[in-house]
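Encoded as structure tokens, the structure appears first; notes follow it.
Every number here is computed from the coordinates shown, using simple stated rules; none is lab data. Here the structure is a predicted model, which means the values were calculated and not measured. All Cβ positions, glycine included, derive from the backbone under ideal geometry; neighbour counts span all protein chains shown.
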Amino acid sequence: MNEPLPERTTHKFAIVLNRKIESGAALNACAHMTATLVARADSETTKHMSFVDYLDAEGNVHPVSALSLVVLSARNSNQIRTARLEAISAGLSYADFTESMTKDTFVEQMDRTRALREGDIDYWGLCIFGLKEMIDPITRKFSLWRA
């Protein structure tokens, strides 16, 4: 676990989900994107992710992120596509989730995705991590996700 910095945090996680997908698919997309983003983070990025252990009165450990992780709602795939391109342009860590990543085996999902041009991809979600000052301009157009 990384010790949280005592001063105000400078980094955050943000997830943007396509509001057209059902809640179960949205939760699945969140889990896949967040796990991928954290697993692929380099050591410098991981230092800023600030994971902590909360302890209860009996000494049981409850690990969690000490940072903000906001889940937002996009009107459609194109809004997520635009946010993804902005995140890439800003050099932010990101993971996305698409409709082609569902059903069948991961091998079939990879084949299905490989057959799509980027403009034809149906984006279901985007997870980004980085400096708040870089994420906020990308995500301020989205509202909070409501199930």
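The figures follow:
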read-out	value
Rounded to 5, percent antiparallel among DSSP beta bridges of the chain	75 percent
Test item: Cα-centred dipole of the range 54-147, Lys/Arg +1 and Asp/Glu -1 on Cβ, debye	400 debye
Which of 69, 87, 48, positive extreme of dipole for the chain (C-beta unit charges)	87
Per residue, the convex hull volume that the Cα atoms of the range 11-139 enclose (Å³)	134 Å³
For residue 140, net neighbour charge (Lys/Arg +1, Asp/Glu -1) across residues whose Cβ lies under 15 Å away	+1
Relative contact order (%) - the chain, alpha-carbon pairs under 8 angstrom, separation at least six	38 percent
Full-extension gain in nm, residue 134 to residue 111, via 0.36 nm per residue minus C-alpha separation	4.9 nm
Cα-Cα over 21 Å, subset of 20/132; 103/141; 12/47	20/132; 103/141
